[in-house]
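A.B. asks: Could you have a look at this structure, given as structure tokens, before my questions?
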Number of protein chains: 2
Amino acid sequence: MPSNAIESRFVGGANYAPLTEATVRPFLATHSAAAELLGGRPEEWAVREVGDGNLNLVFIVKRGGRGLVVKQALPYVRLVGESWPLPLDRAFFEYQALTIEAAAAPSLVPRHFHFDKAMAASIMELLEPHIVLRKGLTAGMKYPLLADHMAQFAAATLFLTSDFASPAAEKRERQSLFCQNIALCKITEDLVFNDPYRIAELNRWTSPQLDDIAAAFRADATLKVAVQELKWMFLTRSEALLHGDLHTGSIMVTQDDTRVIDPEFAFFGPMGFDLGAFMGNLLIAFFAQPGLRDPGDARDEYQHWILETLESFWFGFSSRFLAHWRAGGDGDAFPPTLFADVSGRTKLEEHRVTFVSRMLTDAIGFAGAKMARRILGLAHVEDFERIADPDVRAACEMKALHVARELMVGRARFGSVGEVRALAESVARERVT
Amino acid sequence: MPSNAIESRFVGGANYAPLTEATVRPFLATHSAAAELLGGRPEEWAVREVGDGNLNLVFIVKRGGRGLVVKQALPYVRLVGESWPLPLDRAFFEYQALTIEAAAAPSLVPRHFHFDKAMAASIMELLEPHIVLRKGLTAGMKYPLLADHMAQFAAATLFLTSDFASPAAEKRERQSLFCQNIALCKITEDLVFNDPYRIAELNRWTSPQLDDIAAAFRADATLKVAVQELKWMFLTRSEALLHGDLHTGSIMVTQDDTRVIDPEFAFFGPMGFDLGAFMGNLLIAFFAQPGLRDPGDARDEYQHWILETLESFWFGFSSRFLAHWRAGGDGDAFPPTLFADVSGRTKLEEHRVTFVSRMLTDAIGFAGAKMARRILGLAHVEDFERIADPDVRAACEMKALHVARELMVGRARFGSVGEVRALAESVARERVT
């Protein structure tokens, strides 16, 4: 039995209190490793709260050229307020997931220095001069290594935590732990897979421009069956430890470096969910570009780069995933010794290719679901929100919704990621009707 | 957090000792409810060890017309010996699963009176005059209510523990617990999905008659990919709380009554696994009949009854499962409110039918896997073992293996359970070559 399943029960507690810019210093001072990292006296540490996500407090603490980050869970959803409580143990799941990710892809996550269970807080590496990828994409920045880095992250974390690489005993123990990340999974279950397709108090969209399409989504039974099939997969397919929230706001970048942050939604789910999250958010960035264009900007070429990145990501992911698989693993699925002869190797290789193409189908479906929820649901994204003119914004969002629906309903019809790209290009060229 | 996940850690312990016919009496005397049930003084209780399964001790304790059963886990695999240790906590998972099954299908499981954690033992209802279904089938007994009872059991337990009926929070908590049933899942992972397809020390088969087909199975790459696809589903699809070992040796019957026993392999897995276990074991009984025939017996008509039962089981299961679904549930999957209008109801109903046909595909594949492991692997079954003449036995087993392979490799090609029946009938008529 894993001690973790028990340990996770005691996150937060009587001494928990949300940190403030004033209390971060004494908190850090009690952690000698952190205090040494900054050096000097606590009074010399500059503290700034910078959390712009939906859930947590994030403090940057600096002294001269040195710095670190303190991320603390709040007992409610920050985006909504204290009316929506959320358990603090998510900080523990994030810490656990980050540890597992770090073993699989050490250069692609922030270093984690300390988890303070009582305060539900992690002390982590300050990523500088990184910015959130979503901000970079809205600003029209190119990241030449992004596709490959993300392919590497997804292939390593998904393969190495799956039954291909992880013995069933290890996998089931981890799964037992992450099954406890119930509240965060529930957010996805409701906000991604239900609310955009029904009247829900917290939904919002660019109104009145999108009123009709929002109503059409709510009335579209074919679409709702497709979305619920995806939700069924989310609920039942325990294929690998997912990041669980792999959108472009969970990635910090420079020209040379890529770090995936914030795995607090981690759980064992369908691999396509992480892949689709990243791909869907690239498509959001793609469709937002015309609305973000300043006079004179050449955003067409930038849109082209986004789709290149999408395509390269998929090719990089699939070839890296296959390479992991061909190299073998200690998992219980498809033991290589069963396929050691020529015909075994041939048939197994055929199956690998089939398996990857099924992952693409899943990823395409989830990409669509992740796009729609950012336009019709509670949590919106800067890509579209930065477009001040509601008519322009609605035109961009409308196209994205058309593609999102097609990805969800028609996911089995896409034979390659190139067909996804072709669909996006074709819809981008259309006039909005 | 469920207290169960923690509670399960403390099964067995310093005071654990295997019970004997001599120590069962003082053990029961400490449990007043059990003692009252039997009445009289311990010296008047007649104790008999009757465990004929592969794993546990089973004592029947009687006084006059009264009786009960004590089932105790041993710290090793009884079939193999102390060289194969097995954790005692499986007794706890069995007790938990039985409790959940009893809520879903109270008339179809034995009553459970007490779980003794320290001794890893359950005190349960004595089923009398029930016999193990497998014995009844080898004896040529018909059970007119069997198909419907098993349909009812499978539909209720699978639907009610799935995301259709169980809110995600409850489902994930239960899943977290049953993910700890690692050792028992591992037995299935190895003995069902690997060993029959490789050289394994514990394998045995009717030799030399089946040597060629055993070698052919080990060399059959197409088959091995199919089996590993099924294993992937076993490892990753957390659809419902399965019984996990639903063969004809886990069912006690009379003409009027059916009880499913021994859910110690319980875990969250693909629904088709339970369905296929029952169907595959009916097919084993079907193919064993010619070898069990005494001169003058009319086993053709009995074989016909077995296939009728198989078919009725499937029709009963699917109609009952659909009825549960149509009645609605509290689960997170396919919330009925999303499909409240006419087109929603229509599309959802279409999807339900598709879903059930996918379950049939899964069940057919798992049925094949469950058949082959009983002929080529470690654990054999009385159906074939009772056939004394090895040539006759091998002829029966050969036909069963042909069907098993076809079910696994061709599972997606079967459009109905009638086609499975037709295949079995056709292979049964063939001369063995």
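The values are calculated or read from the model by the stated rules, or taken from the named source; none is laboratory data. In this text, all values refer to a predicted model and were calculated from it rather than measured experimentally. All Cβ positions, even for glycine, are placed from backbone atoms using ideal geometry, and neighbour counts span all protein chains on display. Just so you know, the surface numbers come from the protein's heavy atoms only, side chains and all, with ligands and any DNA or RNA stripped out. Shrake-Rupley method; radii C 1.70, N 1.55, O 1.52, S 1.80 Å.
A.B. asks: Identify all residues within the range B:311-327 that are more than 13 Å from chain A (Cβ to nearest Cβ) and open to solvent by less than 30 Å² (accessible area, probe 1.4 Å); write none if there are none. It would help to see each step written out before you state the result.
C.D. replies: Step one: filter the range B:311-327 for residues more than 13 Å from chain A (Cβ to nearest Cβ), giving B:311-324, B:326-327.
Once the filter is applied, which keeps residues that are more than 13 Å from chain A (Cβ to nearest Cβ) and open to solvent by less than 30 Å² (accessible area, probe 1.4 Å), the range B:311-327 yields B:Phe313, B:Trp314, B:Gly316, B:Phe317, B:Ser318, B:Phe321, B:Leu322.
A.B. asks: In this structure, is A:Leu160 away from chain B (no Cβ under 14 Å) and either in contact (Cβ under 8 Å) with a residue 12 or more places away in the chain or closer than 19 Å to A:Asn281 by Cβ (or both)? Spell out how you get there, then give the answer.
C.D. replies: Working: away from chain B (no Cβ under 14 Å): yes; either in contact (Cβ under 8 Å) with a residue 12 or more places away in the chain or closer than 19 Å to A:Asn281 by Cβ (or both): yes.
The answer is yes for A:Leu160.
A.B. asks: Restrict the check to the range A:163-179 and report whether at least one residue is at the interface with chain B (Cβ under 9 Å from one of its Cβ atoms), under 15 Å from A:Pro263 (Cβ atoms) and open to solvent by less than 10 Å² (accessible area, probe 1.4 Å).
C.D. replies: Among the residues of the range A:163-179, at least one is at the interface with chain B (Cβ under 9 Å from one of its Cβ atoms), under 15 Å from A:Pro263 (Cβ atoms) and open to solvent by less than 10 Å² (accessible area, probe 1.4 Å), which makes the answer yes.
A.B. asks: Assess whether B:Leu407 counts as being open to solvent by less than 10 Å² (accessible area, probe 1.4 Å) and assigned to a helix (DSSP H, G or I). Show your work before the answer.
C.D. replies: On the way: open to solvent by less than 10 Å² (accessible area, probe 1.4 Å): yes; assigned to a helix (DSSP H, G or I): yes.
Taking the combined requirement at face value, the residue satisfies it.
A.B. asks: Out of everything in the range A:61-111 that is of a type in the set (D, E, K, R) and over 29 Å from A:Leu202 (Cβ atoms), what residue ends up being least open to solvent (accessible area, probe 1.4 Å)? Please lay out each step first, then the result.
C.D. replies: Step one: list which residues in the range A:61-111 are of a type in the set (D, E, K, R), which gives A:62-63, A:66, A:71, A:78, A:82, A:89-90, A:94, A:101, A:111.
Among the residues that remain, those that are also over 29 Å from A:Leu202 (Cβ atoms) are: A:62-63, A:66, A:101, A:111.
Values: A:Lys62: 59, A:Arg63: 69, A:Arg66: 114, A:Glu101: 11, A:Arg111: 143 Å².
Ranking the candidates gives A:Glu101 first.
A.B. asks: For a quick check of your reading: which strands (runs of 3 or more DSSP E) sit entirely within the range A:235-292 and have at least 1 residues that are away from every other protein chain (no Cβ under 14 Å) and open to solvent by less than 10 Å² (accessible area, probe 1.4 Å)? Break it down into steps so the answer makes sense when it comes.
C.D. replies: Details: elements: A:240-242, A:251-253, A:258-260, A:267-269.
Correct list: A:251-253, A:258-260.
A.B. asks: If you take the residues of the range B:144-168 that are in a loop (DSSP other than H, G, I, E, B) and within 20 Å of B:Thr309 (Cα to Cα), which of them is nearest to the chain's Cα centre (by Cα)? Steps first, answer last, please.
C.D. replies: Pass one, the range B:144-168, residues in a loop (DSSP other than H, G, I, E, B): B:144-145, B:162-167.
Remaining after also requiring within 20 Å of B:Thr309 (Cα to Cα): B:144-145.
Details: B:Pro144: 20, B:Leu145: 18 Å.
Of everything passing the filter in the range B:144-168, B:Leu145 is nearest to the chain's Cα centre (by Cα).
A.B. asks: Could you list, ordered by first residue, the pairs with Cβ atoms under 6 Å in which the first is in the range B:328-349 and facing chain A (nearest Cβ under 9 Å) and outside any loop (DSSP other than H, G, I, E, B) and the second is of a type outside the set (A, V, I, L, M, F, W, C) and open to solvent by 60 Å² or more (accessible area, probe 1.4 Å), at least 6 apart or interchain?
C.D. replies: B:Leu338/A:Arg198; B:Phe339/B:Arg345
A.B. asks: Just checking: which of the helices (runs of 4 or more DSSP H) contained wholly in the range B:1-105 hold 3 or more residues that are closer than 30 Å to B:Arg172 by Cβ? Can you show your working first?
C.D. replies: Numbers: elements: B:3-7, B:24-29, B:32-38, B:90-104.
Helices (runs of 4 or more DSSP H) meeting the threshold: B:3-7, B:90-104.
A.B. asks: Inspect all residues belonging to the range A:200-220 and state whether any of them is facing chain B (nearest Cβ under 8 Å) and touching a residue at least 24 places away in the same chain (Cβ under 8 Å).
C.D. replies: Start the filter on the range A:200-220 by keeping residues that are facing chain B (nearest Cβ under 8 Å), which leaves A:219.
Add one more test, that the residue is touching a residue at least 24 places away in the same chain (Cβ under 8 Å), and what stays is none.
Among the residues of the range A:200-220, not one is facing chain B (nearest Cβ under 8 Å) and touching a residue at least 24 places away in the same chain (Cβ under 8 Å), which makes the answer no.
This table checks each residue for (1) of a type in the set (Gly, Ala, Ser); (2) more than 21 Å from A:Pro144 (Cβ to Cβ).
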position	(1), (2)
A:Thr309	no, no
A:Thr354	no, yes
A:Ile364	no, yes
A:Ala367	yes, yes
A:Arg373	no, yes
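A.B. asks: Continuing with the same structure: Here is a list of conditions, (1) touching a strand residue (DSSP E or B) at 6+ places or on another chain (Cβ under 6 Å); (2) more than 24 Å from B:Phe286 (Cα to Cα); (3) not in a helix (DSSP H, G or I), and B:Glu201 meets all of them except one; can you say which number that is?
C.D. replies: (1)
A.B. asks: Then there is this: Can you name every residue in the range A:1-28 that is open to solvent by less than 50 Å² (accessible area, probe 1.4 Å) and modelled with pLDDT of 90 or more?
C.D. replies: Answer for the range A:1-28, where residues must be open to solvent by less than 50 Å² (accessible area, probe 1.4 Å) and modelled with pLDDT of 90 or more: A:Tyr16, A:Ala17, A:Leu19, A:Val24, A:Phe27, A:Leu28.
A.B. asks: Also: Applying the selection to the range A:180-197, what residues are in contact with a Gly (Cβ under 6 Å, 6 or more places away or on another chain) and buried (at least 24 other Cβ atoms within 10 Å of the Cβ)? Even if it seems obvious, please write down each step before you answer.
C.D. replies: Step one: filter the range A:180-197 for residues in contact with a Gly (Cβ under 6 Å, 6 or more places away or on another chain), giving A:191, A:195-196.
Within the range A:180-197, just A:Pro196 meets the criteria.
A.B. asks: Another one. Taking A:Ala226 as meeting all but one of (1) under 21 Å from A:Val356 (Cα atoms); (2) out of contact with any Ser or Thr (no Cβ under 8 Å at 6 or more places or on another chain); (3) open to solvent by 10 Å² or more (accessible area, probe 1.4 Å), write down the number of the exception.
C.D. replies: Against the list (1) under 21 Å from A:Val356 (Cα atoms); (2) out of contact with any Ser or Thr (no Cβ under 8 Å at 6 or more places or on another chain); (3) open to solvent by 10 Å² or more (accessible area, probe 1.4 Å), A:Ala226 comes up short only on (3).
A.B. asks: Can you spot a residue in the range A:71-85 that is of a type in the set (Gly, Ala, Ser), in contact (Cβ under 8 Å) with a residue 60 or more places away in the chain and not assigned by TED's automatic domain parsing to the domain that holds A:Met252?
C.D. replies: Within the range A:71-85, the first condition is being of a type in the set (Gly, Ala, Ser), and the residues that meet it are A:73, A:81, A:83.
Okay, now just the ones that are also in contact (Cβ under 8 Å) with a residue 60 or more places away in the chain, so A:73.
This time we only want the ones that are not assigned by TED's automatic domain parsing to the domain that holds A:Met252, so: A:73.
Yes, because at least one residue in the range A:71-85 is of a type in the set (Gly, Ala, Ser), in contact (Cβ under 8 Å) with a residue 60 or more places away in the chain and not assigned by TED's automatic domain parsing to the domain that holds A:Met252.
A.B. asks: Which of the residues that make up the range A:383-419 are basic (Lys, Arg) and in contact with a Ser or Thr (Cβ under 7 Å, 6 or more places away or on another chain)?
C.D. replies: Once the filter is applied, which keeps residues that are basic (Lys, Arg) and in contact with a Ser or Thr (Cβ under 7 Å, 6 or more places away or on another chain), the range A:383-419 yields A:Arg386, A:Arg393, A:Arg411.
A.B. asks: Oh, and also: Tell me, please, whether a residue that is of a type in the set (Gly, Ala, Ser), farther than 25 Å from B:Leu310 by Cα and in contact with a Pro (Cβ under 9 Å, 6 or more places away or on another chain) can be found in the range B:111-133.
C.D. replies: So in the range B:111-133, the residues of a type in the set (Gly, Ala, Ser) come out as B:118, B:120-122.
Those left that are additionally farther than 25 Å from B:Leu310 by Cα: B:118, B:120-122.
Next cut, in contact with a Pro (Cβ under 9 Å, 6 or more places away or on another chain) only: B:120.
Within the range B:111-133 (the criterion being of a type in the set (Gly, Ala, Ser), farther than 25 Å from B:Leu310 by Cα and in contact with a Pro (Cβ under 9 Å, 6 or more places away or on another chain)), the answer is yes, since at least one residue qualifies.
A.B. asks: Just a yes or no: is a residue in the range B:126-148 free of Cβ contacts under 8 Å to residues at least 60 places away in the same chain, in the same structural domain as B:Leu307 (by TED's automatic domain parsing) and either surrounded by 23 or more Cβ atoms within 10 Å (Cβ to Cβ) or touching a Gly at 6+ places or on another chain (Cβ under 6 Å) (or both)?
C.D. replies: No, the range B:126-148 contains no residue that is free of Cβ contacts under 8 Å to residues at least 60 places away in the same chain, in the same structural domain as B:Leu307 (by TED's automatic domain parsing) and either surrounded by 23 or more Cβ atoms within 10 Å (Cβ to Cβ) or touching a Gly at 6+ places or on another chain (Cβ under 6 Å) (or both).
A.B. asks: Another question, then. Kindly indicate whether any position in the range B:364-378 is open to solvent by 30 Å² or more (accessible area, probe 1.4 Å) and either at pLDDT 95 or above or in contact with a Cys (Cβ under 6 Å, 6 or more places away or on another chain) (or both).
C.D. replies: No, there is no match, as no residue in the range B:364-378 is open to solvent by 30 Å² or more (accessible area, probe 1.4 Å) and either at pLDDT 95 or above or in contact with a Cys (Cβ under 6 Å, 6 or more places away or on another chain) (or both).
Let's see how each residue does on (1) over 18 Å from A:Thr157 (Cα atoms); (2) charged (D, E, K, R); (3) in contact with a helix residue (DSSP H, G or I) (Cβ under 8 Å, 6 or more places away or on another chain):
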| position | (1), (2), (3) |
| --- | --- |
| A:Trp84 | yes, no, no |
| A:Pro87 | yes, no, yes |
| A:Phe92 | yes, no, yes |
| A:Ala97 | no, no, yes |
| A:Ile100 | no, no, yes |
| A:Ser107 | no, no, no |
| A:Pro110 | no, no, yes |
| A:His114 | yes, no, yes |
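A.B. asks: Among the residues of the range A:354-394, write down those that are outside any helix (DSSP H, G or I), over 15 Å from the mean Cα position of the chain (by Cα) and either β-branched (Val, Ile, Thr) or under 22 Å from A:Gln228 (Cα atoms) (or both).
C.D. replies: Residues of the range A:354-394 outside any helix (DSSP H, G or I): A:377-381, A:386-389.
Filter again for over 15 Å from the mean Cα position of the chain (by Cα), leaving A:377-378, A:386-389.
A:Gly377, A:Leu378, A:Ile387 - these are the residues of the range A:354-394 that are outside any helix (DSSP H, G or I), over 15 Å from the mean Cα position of the chain (by Cα) and either β-branched (Val, Ile, Thr) or under 22 Å from A:Gln228 (Cα atoms) (or both).
A.B. asks: Still on this model: Which one of these is under 30 Å from B:Asp389 (Cα atoms), out of contact with any His (no Cβ under 7 Å at 6 or more places or on another chain) and within 9 Å of another protein chain (Cβ to nearest Cβ): B:Asp190, B:Asp195? Can you show your working first?
C.D. replies: Numbers: B:Asp195 fails: within 9 Å of another protein chain (Cβ to nearest Cβ).
Exactly one of B:Asp190, B:Asp195 is under 30 Å from B:Asp389 (Cα atoms), out of contact with any His (no Cβ under 7 Å at 6 or more places or on another chain) and within 9 Å of another protein chain (Cβ to nearest Cβ), namely B:Asp190.
A.B. asks: Also: Consider A:Met141 against the criteria (1) within 14 Å of chain B (Cβ to nearest Cβ); (2) more than 18 Å from the chain's Cα centre (by Cα); (3) not aromatic (Phe, Trp, Tyr): it satisfies all of them except one. Which criterion is unmet?
C.D. replies: Of everything listed in (1) within 14 Å of chain B (Cβ to nearest Cβ); (2) more than 18 Å from the chain's Cα centre (by Cα); (3) not aromatic (Phe, Trp, Tyr), A:Met141 misses just condition (1).
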